[in-house]
Amino acid sequence: MKSLKAILKSLLDSLRDLLPIIVVISFFQLVVLQQPIPNFGEIATGIVFVVIGLTLFVHGLNMGLFPVGETMAYEFAKKGSVFWLLVFAFALGFGTTVAEPALIAVADEAANVAAVGGMIIDSIESRTSYAFGLRLTVAISVGFAILVGVLRIIRGWPIQYLIIGGYIGVVIMTFFAPKEIIGIAYDSGGVTTSTITVPLVTALGVGLASSIKGRNPMIDGFGLIAFASLTPMIFVMGYGMVV
């Protein structure tokens, strides 16, 4: 009964979150364009599926991914093995990113554009290799970012200095990277912080900060996502310079 109430509450929350999008689209379609909504039945069915899917996804995060991330962070901190904690942080960042649907889509599109633009050979093998190399580069960069973020929590380093230094590195790399890769590099930072990566990484940071004496979960537990969106820019621009 309690679980059912939680799902119903999540369903209402999902509908509330999607309501502004529905209102905006309906307003411009009906009032500004003054045209009926095309395929209204299909769109309404799709909205219902989106609400249900979003509800189940959020409920699953609260039931599974958040507790898993916090528990594993606590266990690693309790064990006192910094090496394995850093290995886990890198593997978590790498694994969640390489499977990120948004990254797969962006990498495939970038490979197609690169082939059409003559930057790589226009063949299936070249496109596949380019897309996989881009995905691998971003995944490694996110793994490295989470590793640095976890080390920051352990050592108590101020996050602002690392972020400022990182963006200075982004600006410097921008002057040297091929102009064709700069936009892709900047977008790569955004696609990595999506549905799979964010919940697990956030839970890892909060759980780790909660389990280390002298760390504040609010101050030290958050900020890992900032690293995850920063380092792909540098790594992808480096990838463009090499490839």
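The values are calculated or read from the model by the stated rules, or taken from the named source; none is laboratory data. The model shown is predicted, which means the values in this text are computed figures rather than measured ones. A quick note on method: Cβ atoms are made from the backbone with ideal geometry, for glycine too, and the neighbour counts reach across all protein chains shown. When the accessible area is computed, the model is the full protein with side chains, heavy atoms only, and any ligands, DNA or RNA have been set aside. Shrake-Rupley method; radii C 1.70, N 1.55, O 1.52, S 1.80 Å.
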Practice item. Only one of these is over 29 Å from A6 (Cβ atoms), of a type in the set (S, T, N, Q) and open to solvent by 60 Å² or more (accessible area, probe 1.4 Å): T128, T137. Name it. Key: T128
Exercise for review: For segment 42-55, name all the residues that are among the hydrophobic types (A, V, I, L, M, F, W, C) and either open to solvent by 60 Å² or more (accessible area, probe 1.4 Å) or in contact (Cβ under 8 Å) with a residue 24 or more places away in the chain (or both).
Suggested key: I43, I47, V48, F49, V50, V51, I52, L54
**Study point:** Matching residues, segment 178-214, being open to solvent by 10 Å² or more (accessible area, probe 1.4 Å) and not in a helix (DSSP H, G or I)
**Key:** P178, T193, S194, T195, I196, I212, K213, G214
Exercise for review: Under 8 Å between Cβ atoms, at least 6 apart or on separate chains: pull out the pairs that start in segment 196-224 with a residue that is touching a residue at least 60 places away in the same chain (Cβ under 8 Å) and over 21 Å from I164 (Cα atoms) and end on any residue that is among the basic types (K, R) and outside any helix (DSSP H, G or I).
Suggested key: L208/R215
Practice item. Test F235 against the criterion of being within 17 Å of the chain's Cα centre (by Cα), open to solvent by 40 Å² or more (accessible area, probe 1.4 Å) and at negative phi, and give yes or no. Key: yes
**Study point:** From V58, V32, residue being open to solvent by 60 Å² or more (accessible area, probe 1.4 Å) and either over 23 Å from G183 (Cα atoms) or modelled with pLDDT of 80 or more (or both)
**Key:** V32
Review point. Inside segment 36-56, can you point out the residues that are of a type outside the set (S, T, Y) and under 28 Å from the mean Cα position of the chain (by Cα)?
Key: I43, G46, I47, V48, F49, V50, V51, I52, G53, L54, L56
Review point. Considering segment 220-232 alone, what residues qualify as being hydrophobic (A, V, I, L, M, F, W, C) and open to solvent by less than 30 Å² (accessible area, probe 1.4 Å)?
Key: L224, F227, A228, L230
Practice item. Kindly indicate whether any position in segment 131-138 is touching a residue at least 24 places away in the same chain (Cβ under 8 Å) and under 23 Å from S210 (Cβ atoms). Key: no
Exercise for review: Working only within segment 74-119, note down all residues that are over 23 Å from F227 (Cα atoms), in contact (Cβ under 8 Å) with a residue 24 or more places away in the chain and open to solvent by 30 Å² or more (accessible area, probe 1.4 Å).
Suggested key: K78, G117, M119
Review point. Out of curiosity, is F175 without any contact (Cβ under 8 Å) to a residue 60 or more places away in the chain and surrounded by 13 or more Cβ atoms within 10 Å (Cβ to Cβ)?
Key: no
**Study point:** Number of the exception - V24 against (1) modelled with pLDDT of 85 or more; (2) closer than 30 Å to L200 by Cβ
**Key:** (2)
Check your understanding: Is at least one residue of segment 150-164 in a helix (DSSP H, G or I) and in contact with a Pro (Cβ under 9 Å, 6 or more places away or on another chain)?
Key -> yes
Review point. Are there any pairs, at least 6 apart or on different chains, whose C-beta atoms fall under 9 Å, with the first in segment 12-41 and more than 19 Å from T55 (Cβ to Cβ) and the second assigned to a helix (DSSP H, G or I) and open to solvent by 80 Å² or more (accessible area, probe 1.4 Å), and if so, which?
Key: P36/L30; I37/I25; I37/L30
Review point. Is it true that some residue in segment 149-159 is open to solvent by 40 Å² or more (accessible area, probe 1.4 Å), under 19 Å from the mean Cα position of the chain (by Cα) and not β-branched (V, I, T)?
Key: no
